[in-house]
Amino acid sequence: MIKQCCLALMLLADGGSTLAVAADKVAYDPEFAQASLQQLNSALARLEPQSPLTTEVALTSAHNAGEDEDMISRTGRARAIVKDSDEGLSLSYSGELLQQMTREAQERADDPDAATPTLDGVDELTLPTVQPMLRAAAAIRQELQTAEYLGAEEDSYQGKRARRLEFNLSDERLTKRQRKYVKEYDGSYTVWIDEQGNPLASRTRMSARGRAFIVISFTITIESDSHYRVHDDRLITTRRADYQLSSGAGERSERLVNKTLEVIDE
């Protein structure tokens, strides 16, 4: 089992600190909740990128499939230079990484079960997965489009005062085919903001249980934790952890992907 599976958020938090977990059925102050949501929306509108940005994104991953003696474990690692400018978003790999990919491709051709951490890492490090890190305001806004706002409370983030906004995620995020088989679903989205409304961190959690073809039951859990900061005129994701656990039809799959972003001065 991936040892970090229950500690995805702790992998991201500075100094071992963790984000507070919202209590169930909280009675939120409506005026405070509305003011907090307005602050968040204003900040997201203000933090749309206008200037170019060059970053380096590093990724590590761990994936377990199966159980006991049949378990197959793979790890991945990769890094890339990601640029965002008027010309669009671009991702490039170093010559050294490309050479390693060539070597691992040959190893995989010789042995399909060979460890290929660079190829596995590159499979996870793609433009769709890094775009939300460079354009975090747009990514958060997209999450909010289909979320039901529940309210907000005073909280803390890494020892500083913050506001915690809670949202409910409905099963409308699932496809019609998925909803056909899902019997139980729960989804939540949490955002921590500072006094100016700037997002500090967010957490997404979704779980589902269901049955397909009468006899096949399945469960799936998805968690995503992100930490943000403001750089010049935009909001960026400095660290993100994505965890997924699924089981069904006698199979089990567990995956953890961590990404970090550093700004490169040019």
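The values are calculated or read from the model by the stated rules, or taken from the named source; none is laboratory data. In this text the structure is predicted, and so the values were computed from the model without any measurement. Note that each Cβ is placed from the backbone with ideal geometry, even for glycine, and that neighbours are counted across all protein chains shown. Side chains included, ligands, DNA and RNA excluded: accessible areas come from the protein's heavy atoms. Shrake-Rupley method; radii C 1.70, N 1.55, O 1.52, S 1.80 Å.
The table below gives the values:
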quantity	calculated
Residue ID - modelled with the lowest pLDDT, chosen from residues in the stretch 111-138 that are over 17 Å from the mean Cα position of the chain (by Cα) and acidic (Asp, Glu)	Asp113
Matching option when the condition is assigned to a strand (DSSP E or B), open to solvent by 10 Å² or more (accessible area, probe 1.4 Å) and within 28 Å of Asp70 (Cβ to Cβ), among Arg229, Arg255	Arg255
Test: residue in the stretch 209-217 that is over 21 Å from Tyr157 (Cβ atoms), in contact with an Asp or Glu (Cβ under 8 Å, 6 or more places away or on another chain), assigned to a strand (DSSP E or B) and open to solvent by 20 Å² or more (accessible area, probe 1.4 Å)	yes
Checking Ala62 against (1) closer than 29 Å to Val230 by Cα; (2) open to solvent by less than 70 Å² (accessible area, probe 1.4 Å); (3) modelled with pLDDT of 95 or more, the condition it does not meet	(1)
Count of residues meeting criterion [closer than 26 Å to Lys259 by Cβ and in a strand (DSSP E or B)] in the stretch 134-162	6
From the options Arg103, Arg108, Arg164, Arg141, residue that is over 15 Å from the mean Cα position of the chain (by Cα) and closer than 27 Å to Ala208 by Cα	Arg164
Residue under evaluation Leu169, criteria (1) surrounded by 12 or more Cβ atoms within 10 Å (Cβ to Cβ); (2) farther than 18 Å from Ser207 by Cα, criterion not met	(2)
Any chance Arg163 is out of contact with any helix residue (DSSP H, G or I) (no Cβ under 7 Å at 6 or more places or on another chain) and either at pLDDT below 95 or surrounded by 15 or more Cβ atoms within 10 Å (Cβ to Cβ) (or both)	no
Residue under evaluation Arg239, criteria (1) farther than 30 Å from Lys83 by Cβ; (2) part of a strand (DSSP E or B), criterion not met	(1)
From Gln131, Gln100, Gln106, residue being surrounded by 14 or more Cβ atoms within 10 Å (Cβ to Cβ) and over 20 Å from Glu262 (Cβ atoms)	Gln100
Leading residue by the ranking (modelled with the lowest pLDDT) among those in the stretch 172-207 that are of a type in the set (A, V, I, L, M, F, W, C), assigned to a strand (DSSP E or B) and open to solvent by 10 Å² or more (accessible area, probe 1.4 Å)	Val182
Any hit, the stretch 83-93, residues being of a type in the set (S, T, N, Q), within 28 Å of Leu200 (Cα to Cα), in contact with a Pro (Cβ under 7 Å, 6 or more places away or on another chain) and surrounded by fewer than 13 Cβ atoms within 10 Å (Cβ to Cβ)	yes
